[in-house]
Amino acid sequence: MSLQKLNCVVTGANRGIGLGLVQQLLSQQQHSTVFALCRNPNSATSLTNLSNQYPNRIHIIECDVSSSTSTSSAAFKVGSIDPTGIDIVIANAGIANPGLIATTPAETFLEVLKVNTMGPVHTFQAFYPLLKQKEMSKFFVISSELGSSKAAPSRNTTGTTAYGMSKSAANYFVQCVAREHAKEGIIAMAICPGWVDTDMGHEYAKQRGRNERPSFTLEESVVPLVQLMLGATKENSGQYVNRLGERIPF
């Protein structure tokens, strides 16, 4: 358990990987504060339970990352609670919406891009003033190997077009953040958590007709993810890696 005090922001924090990241940050970083962002705080029972378990260390804040207005409002609330800046921002919120190219409505493609690609853009822009207050800060996007133009074709990618497009664009955004903000001490990385045993992981498999179970339990994914994030240095900035820190080709 670390004694370092960190201010951390996690989007899409009410379930799945986001919730797992919040739990790990709270349990492994004894003196840290987590700002857990989600669309509907009133129904985020698991986050409420964590706030009872870790009094004064978690703040649950409403945020829809597909809206720049909502994300900016959330960042303002975070800054009002603690104006000293943010050490780590994890852009985790995402959706899948599987579908075949020929029959998936254009609106579905746009919806996925709005959350998975513009969500990280909105998140970085909103929290940038708080990130740059720190001598070194970190911005992570929870990505997917399906966003790799080199790795994805080796897999059965049927039904993943919109999702893969959105993650590929998000990966490029991470590279741009790493280049443009290196002098400000901001580290940016895209990280694939693997196929994880969450509601989204199971629903994704079901919609694509896959009967096998996801590759990793939630703990098997988020424990090394948090370790990777905490240990990331400027040498890692701009990288696209899996949960163990192994490089994934863009």
Checklist outcome for this item: Within segment 150-175, residues farther than 17 Å from residue 98 by Cβ and either touching a helix residue (DSSP H, G or I) at 6+ places or on another chain (Cβ under 7 Å) or at pLDDT 85 or above (or both) come out as 151, 169, 170, 171, 172, 173, 174, 175
Next on the checklist: For residue 85, only one of the following conditions fails: (1) small (Gly, Ala, Ser); (2) in a helix (DSSP H, G or I); (3) within 20 Å of residue 234 (Cα to Cα). What is its number?
Outcome noted: (2)
Item to check | Test: residue 64 is more than 30 Å from residue 156 (Cα to Cα), of a type in the set (D, E, K, R) and surrounded by 18 or more Cβ atoms within 10 Å (Cβ to Cβ) | outcome: yes
Checklist entry - Of (1) modelled with pLDDT under 95; (2) assigned to a loop (DSSP other than H, G, I, E, B), residue 238 satisfies all except one. Which? => result (1)
Checklist entry - For segment 131-146, which residues satisfy the criterion of being out of contact with any His (no Cβ under 9 Å at 6 or more places or on another chain) and among the charged types (D, E, K, R)? => result 134, 135, 138, 145
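Residues checked against (1) touching a residue at least 24 places away in the same chain (Cβ under 8 Å); (2) assigned to a helix (DSSP H, G or I); (3) of a type in the set (A, V, I, L, M, F, W, C):
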{"position": "12", "(1), (2), (3)": "yes, no, no"}
{"position": "20", "(1), (2), (3)": "yes, yes, no"}
{"position": "24", "(1), (2), (3)": "yes, yes, no"}
{"position": "27", "(1), (2), (3)": "yes, yes, no"}
{"position": "31", "(1), (2), (3)": "yes, no, no"}
{"position": "34", "(1), (2), (3)": "yes, no, yes"}
{"position": "37", "(1), (2), (3)": "yes, no, yes"}
{"position": "47", "(1), (2), (3)": "yes, yes, yes"}
Next on the checklist: Whether any residue in segment 113-124 is of a type in the set (Gly, Ala, Ser), buried (at least 16 other Cβ atoms within 10 Å of the Cβ) and either modelled with pLDDT of 95 or more or over 15 Å from residue 166 (Cβ atoms) (or both) is what I want to check.
Outcome noted: yes
Checklist outcome for this item: Quick count over segment 49-63, residues being within 17 Å of the chain's Cα centre (by Cα) and part of a loop (DSSP other than H, G, I, E, B), is 1
Checklist entry - Can you tell me which residues in segment 141-169 are within 22 Å of residue 118 (Cα to Cα) and part of a loop (DSSP other than H, G, I, E, B)? => result 143, 144, 148, 149, 159, 160
Next on the checklist: Among the residues in segment 151-166, are any among the basic types (Lys, Arg) and either touching a residue at least 24 places away in the same chain (Cβ under 8 Å) or more than 20 Å from residue 242 (Cβ to Cβ) (or both)?
Outcome noted: no
Item to check | segment 228-242 - residue that is within 16 Å of residue 167 (Cα to Cα) and of a type outside the set (Phe, Trp, Tyr) and, of those, surrounded by the fewest Cβ atoms within 10 Å (Cβ to Cβ) | outcome: 241
Next on the checklist: Just checking, does segment 182-198 include any residue being in contact with a Leu (Cβ under 7 Å, 6 or more places away or on another chain), at pLDDT 95 or above, within 25 Å of residue 19 (Cα to Cα) and not in a helix (DSSP H, G or I)?
Outcome noted: yes
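The values are calculated or read from the model by the stated rules, or taken from the named source; none is laboratory data. Nothing here was measured: the structure is a model prediction, and the numbers come from that model. Glycine gets a Cβ as well: all are built from the backbone with ideal geometry, and neighbour counts include every protein chain shown.
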